[in-house]
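The structure under discussion appears below in the form of structure tokens.
Laboratory data are not the source of any read-out in this text; all were calculated from the coordinates shown. Only a predicted model underlies this, so the values are computations on that prediction, with no experimental measurement involved. Cβ coordinates were reconstructed from backbone atoms using ideal geometry, including for glycine residues, and neighbour counts include every protein chain displayed.
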There are 2 protein chains.
Amino acid sequence: MLEREKIAQARELMKREEIDVWLIYCRETSEIPEPALMVVAGTPVVWESALIIGVNGESIAIVGGPDAPALRAKGVFETVVPYDEDIGPALRQALSRLNPRRIAIDYSEDDVVADGLTHGMYRLLLKRLAGAPYGDRLTSAAPIVTALRAIKTPEELRRIRRSVASAEEILAQLTKTLRVGLTESEIHQWVSERVRRRNLAPAWDAAHCPTVTCGANSPIGHTGPTDAKALPGDIIRLDFGVKENDYCSDLQRVWYLRRPGEVKAPAEVRRAFDTCRKAIEAGFAALKPGVVGWQVDAAARKVITDAGYPEFKHALGHGLGRNAHDGGPLLGPRWARYGRTPLARVEAGNVFTLELGVMTPAGYVGLEEDVVVTASGAEYLSKPQTEIIYV
Amino acid sequence: MLEREKIAQARELMKREEIDVWLIYCRETSEIPEPALMVVAGTPVVWESALIIGVNGESIAIVGGPDAPALRAKGVFETVVPYDEDIGPALRQALSRLNPRRIAIDYSEDDVVADGLTHGMYRLLLKRLAGAPYGDRLTSAAPIVTALRAIKTPEELRRIRRSVASAEEILAQLTKTLRVGLTESEIHQWVSERVRRRNLAPAWDAAHCPTVTCGANSPIGHTGPTDAKALPGDIIRLDFGVKENDYCSDLQRVWYLRRPGEVKAPAEVRRAFDTCRKAIEAGFAALKPGVVGWQVDAAARKVITDAGYPEFKHALGHGLGRNAHDGGPLLGPRWARYGRTPLARVEAGNVFTLELGVMTPAGYVGLEEDVVVTASGAEYLSKPQTEIIYV
């Protein structure tokens with residue numbers, strides 16, 4: 001079972017980080033999800049809840065009465081302690097029994113998936129622990145949570161492969177459907193409908209997944225589709241993935257709409273495509289356990305700037321898993337906005353996107369592949385796009 | 001437009017609370033949503049973002065380059081400032097221009113919808129403001145955000161009414177489909193399929209929406225459906241709502257499966273139903289602007305305990321809107337776990353559930369209606385269930 005696999009992995013990481021207790025403290029996770037909760041508990045909570053994982057094998061879920069049956073049914077936490085009115089007594093009692101020297105809680109300046117404790121809940125936790133000696137023993141769980149999320153177990157990899165395959169199947173269907181005159185919105189709608197029919201979810205918010213750009217006037221970035229039509233001489237680009245069985249894919253693909261009489265895309269489009277392809281290959285070649293994130297980014301970025309293109313304004317690659325942006329080491333430049341994430345070392349089992357693009361007069365050429373880090377290098381999870389697809 | 005309606009409302013609340021600037025500070029909201037963000041911006045963000053609303057009419061969105069087009073397309077924030085590497089300079093500059101005495105940020109011990117700032121982001125914000133005099137001027141935005149979320153505008157009410165109507169339509173269809181021998185899981189699946197076919201979402205997580213209980217042995221609470229079959233003599237109870245156009249409904253309905261020869265449900269089931277119905281009516285009668293949440297709960301609770309039933313282990317009613325548990329004043333008892341929310345005063349425009357139940361040998365009788373507070377009292381948004389539905 002996935003949750004047990006992840007809890008076992010968490011205990012190994014707790015040993016490495018000298019953490020005695022990992023405390024996930026959350027409430028109303030349908031409103032504000034606690035990213036670590038679903039990984040280890042596999043079920044949401046409504047009332048204020050404390051999920052306690054001890055390094056020596058204890059696992060205690062202190063939850064509101066109505067949340068207890070789901071936790072018990074899941075069968076992951078050994079002890080489920082329901083409360084009716086006040087979580088405080090059971091929480092202090094559990095901690096007093098374990099008497100941890102270091103208690104890790106989920107906050108991180110750098111990694112959103114390790115930052116599931118809200119500031120209000122942090123303040124509330126200090127109140128609940130008032131009078132007990134544990135407030136001073138709190139530390140960030142980021143070293144555990146980030147690695148837990150970033151290093152995929154076999155079951156997680158199986159799910160990501162399946163999610164990538166589903167996205168690729170939908171994109172292959174799309175190739176047969178694309179034609180001159182379709183608008184970005186119509187393409188978005190067509191793809192969304194295929195996602196729904198398969199009972200899948202888009203990998204990120206539905207309004208922007210897929211992102212569809214047609215031609216050179218379409219704004220690039222996390223933007224919604226417009227009524228711009230795909231015309232002869234345009235590049236159509238999709239940034240798209242699905243969420244399947246809780247795990248995501250994230251791909252970018254480009255098509256070119258030939259003008260009457262054209263056999264190939266114009267030379268500048270082909271050159272842009274080939275440069276992007278080479279840059280992704282350069283990133284892929286640099287990717288292996290032990291390398292630092294920014295070095296992988298730099299390898300790809302250099303191919304783009306050496307070819308005389310402006311550098312892409314984002315990281316080469318981000319973690320991929322339960323979320324399309326899954327946290328963990330970042331294959332990105334050392335910019336302030338990325339914090340320390342580009343300084344983290346890549347580990348076997350990490351799954352990344354490799355993505356970049358350049359603007360051309362025909363539209364934005366953007367490519368994105370999904371890869372897993374192996375013991376000695378990396379392996380593509382997607383079938384890389386090696387040629388422009390002609391419509 | 002909904003977002004503009006809500007920003008205008010926010011400025012009125014800022015005046016009342018003597019707040020000069022409301023700062024929403026967030027990132028990767030597909031992983032950890034910032035509940036206030038969607039209310040005022042209507043679009044998610046990926047990079048670290050600062051959304052600044054000044055009491056005097058300024059609105060500035062400082063966002064990563066890729067997020068800027070969506071913010072601009074939405075057209076709610078007057079000024080959209082994109083950054084590439086570091087949000088700090090633009091953030092300090094914007095604050096320095098507004099020079100606010102009090103800056104409200106989104107944390108709350110009591111109200112999850114006002115608690116969208118994670119602890120890691122709070123720490124990061126202090127770093128970004130280091131050297132500037134604003135760190136000391138931070139205060140909780142909860143008085144603004146809680147009221148903003150809880151007092152519905154006309155457009156929000158229109159959407160909730162539509163969402164309630166859709167849930168009622170699905171439940172009416174279900175009545176025609178229910179029969180002896182269906183399992184809880186089959187009923188859950190049937191309802192989920194109707195939600196999907198209407199292109200709606202469940203009002204809370206799909207595994208637990210609807211909650212289905214058949215007979216007396218089914219666990220009550222936020223639990224998934226089992227393979228227990230609905231048998232003659234059983235009560236079937238659904239806790240169910242949909243999310244339509246971002247707004248939720250939340251209803252509980254009960255059916256009774258007659259045994260061969262039975263015309264009505266057994267007397268104890270009918271007495272339980274009538275008591276629940278009266279208790280909801282007592283809560284409804286007590287609900288009006290100015291009343292304190294726990295008083296409404298107490299009016300309903302008394303009907304249950306006066307009839308000799310054990311009191312329900314939850315609040316009578318919670319806010320309903322963008323989420324099935326929408327924050328704001330709670331119609332609940334003064335239990336520690338509810339913090340100060342049962343002490344808040346009800347205001348016109350608040351939308352609540354009224355829900356309670358009692359256990360019987362035939363199963364759990366649970367009723368839940370949706371209501372809006374008017375100038376002088378309250379109005380049902382749902383058609384209350386006044387009689388047991390027979391199958």
*Tilt relative to chain A, helix A:2-17 - C-alpha long axis, 0 to 90 degrees, to 10*: 70 degrees
*How many nanometers, to one decimal and shortest first, lie between the label point of A:Thr139 and those of its other copies, if labels sit 7 Å from Cα toward Cβ?*
3.7
*Shortest-first distances to equivalent copies, position B:Arg101, nm, label 7 Å out along Cβ*: 5.0
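Please give me the summed charge of the neighbours of B:Leu95: other residues whose Cβ is under 14 Å from its Cβ, Lys and Arg +1, Asp and Glu -1. Can you show the working numbers first?
On the way: positive: B:Arg92, B:Arg97, B:Arg101, B:Arg102, B:Arg128, B:Arg137; negative: B:Asp20, B:Glu58, B:Asp136.
That works out to +3.
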*For the protein assembly as shown, just the Cα atoms, rotate onto the principal axes and tell me the three extents in Å, largest first.*
83, 58, 56
*Taking a threshold of 19 Å on the Cα-Cα distance, which of the pairs B:Lys152/B:Lys288; B:Lys6/B:Lys127; B:Lys6/B:Lys152; A:Lys176/A:Lys243; A:Lys127/B:Lys127 fall above it?*
B:Lys6/B:Lys127; A:Lys176/A:Lys243; A:Lys127/B:Lys127
*Calculate for chain B the 222 nm mean residue ellipticity that helices alone would give, adding -39,500 (n - 2.57) per DSSP H run of length 4 or more and normalising by residue count, nearest 500 deg cm²/dmol.*
-10500 deg cm²/dmol
*Please state the equivalent ellipsoid semi-axes for chain B: what are the square roots of 5 times the Cα gyration tensor eigenvalues, largest first, in whole Å?*
44, 22, 17
*Hey, what angle do you get for helix B:154-177 against the long axis of chain B, alpha-carbon based, 0 to 90 degrees rounded to 10?*
30 degrees
*Angle, helix B:293-306 long axis vs. longest principal axis of chain B, Cα atoms, 0 to 90°, nearest 10?*
10 degrees
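Where does each of A:Tyr380, B:Tyr107 land when they are ranked from fewest to most other beta-carbon atoms within 10 angstrom? Spell out each step's value before the answer.
Details: A:Tyr380 14, B:Tyr107 26.
Neighbour counts put them in this order, fewest first: A:Tyr380, B:Tyr107.
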*Note the distances from A:Thr177 to each other copy's matching label point, with points 7 Å along the Cα-to-beta-carbon direction, in nm, sorted shortest first.*
2.6
*Among A:Gly131, A:Gly54, A:Gly116, whose mean-square fluctuation peaks in a Gaussian network model of chain A (Cα, cutoff 10 Å)?*
A:Gly131
*Neighbour-count ranking [beta-carbon atoms within 10 angstrom, fewest first] of A:His208, A:His318, A:His119*: A:His208, A:His119, A:His318
*Ranked B:Met14, A:Met121, A:Met1, B:Met359, criterion: other C-beta atoms within 10 Å, fewest first*: A:Met1, B:Met359, B:Met14, A:Met121
*At q = 0.13 Å⁻¹, base-10 log of I(q)/I(0) for the stretch B:2-149 (Debye sum, equal scatterers on each alpha carbon)*: -0.49
*Set of aspartates and glutamates near A:Lys302 by C-alpha distance (under 15 Å), chain-local residues within fewer than 8 positions excluded*: A:Asp274, A:Glu281, A:Glu311, A:Glu355
